[in-house]
Amino acid sequence: MCRNIQKLYNVDPAATEREVRDAALQYVRKVSGFTKPSQANEAAFERAVEAVAAASSELLAELVTSAPPRDREREAARRREAAARRYGAAA
């Protein structure tokens, strides 16, 4: 799966529509192999992005948990640390 797609469920503050759409766009890009589709495929590509975003929004709205929400800043710091370990510190 795409490493760039962030977990959008149970975060504080909650995921925005833009974040859900961005995740959907990354997913459709990965599945299709297109970063930017041709004009012939653009309509199908956009429909797929909108469908994935709608399904993702519906899923996020219906999920329930008793766990406390994760702090976005703490999660971002954790991802930066993991990237530094994985790729080494930038000079």
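The values are calculated or read from the model by the stated rules, or taken from the named source; none is laboratory data. Note that the coordinates shown come from a computational prediction; the quantities given were computed from them, not determined experimentally. Because the Cβ atoms are built from the backbone with ideal geometry, glycine has one as well, and the counts that use them run over all protein chains shown.
Identify all residues within segment 34-50 that are of a type in the set (Phe, Trp, Tyr) and assigned to a helix (DSSP H, G or I); write none if there are none.
Phe45
For segment 1-39, the set of residues classified as of a type in the set (Val, Ile, Thr), exposed (fewer than 11 other Cβ atoms within 10 Å of the Cβ) and under 12 Å from the mean Cα position of the chain (by Cα) consists of Thr16 only. Only one of the listed residues (Glu46, Glu42) is over 20 Å from the mean Cα position of the chain (by Cα) and at pLDDT 95 or above. That residue is Glu42.
For segment 1-39, taking the residues that are among the polar types (S, T, N, Q) and within 20 Å of Arg79 (Cβ to Cβ), the one that is modelled with the lowest pLDDT is identified as Asn4. Inspect all residues belonging to segment 20-33 and state whether any of them is part of a loop (DSSP other than H, G, I, E, B) and at negative phi. Checked against the condition, which is being part of a loop (DSSP other than H, G, I, E, B) and at negative phi, segment 20-33 yields no hits at all. Is it the case, given these coordinates, that Ala84 is under 20 Å from the mean Cα position of the chain (by Cα) and surrounded by 10 or more Cβ atoms within 10 Å (Cβ to Cβ)? No; evaluated as a whole, the condition is false for this residue. Could you check how many residues of segment 60-81 are surrounded by 11 or more Cβ atoms within 10 Å (Cβ to Cβ) and in contact with a Phe, Trp or Tyr (Cβ under 8 Å, 6 or more places away or on another chain)? So the count comes out to 1.
The residues listed here are Ala82, Ala77, Ala61, Ala55; of these, the one that is outside any loop (DSSP other than H, G, I, E, B) and modelled with pLDDT under 90 is Ala82.
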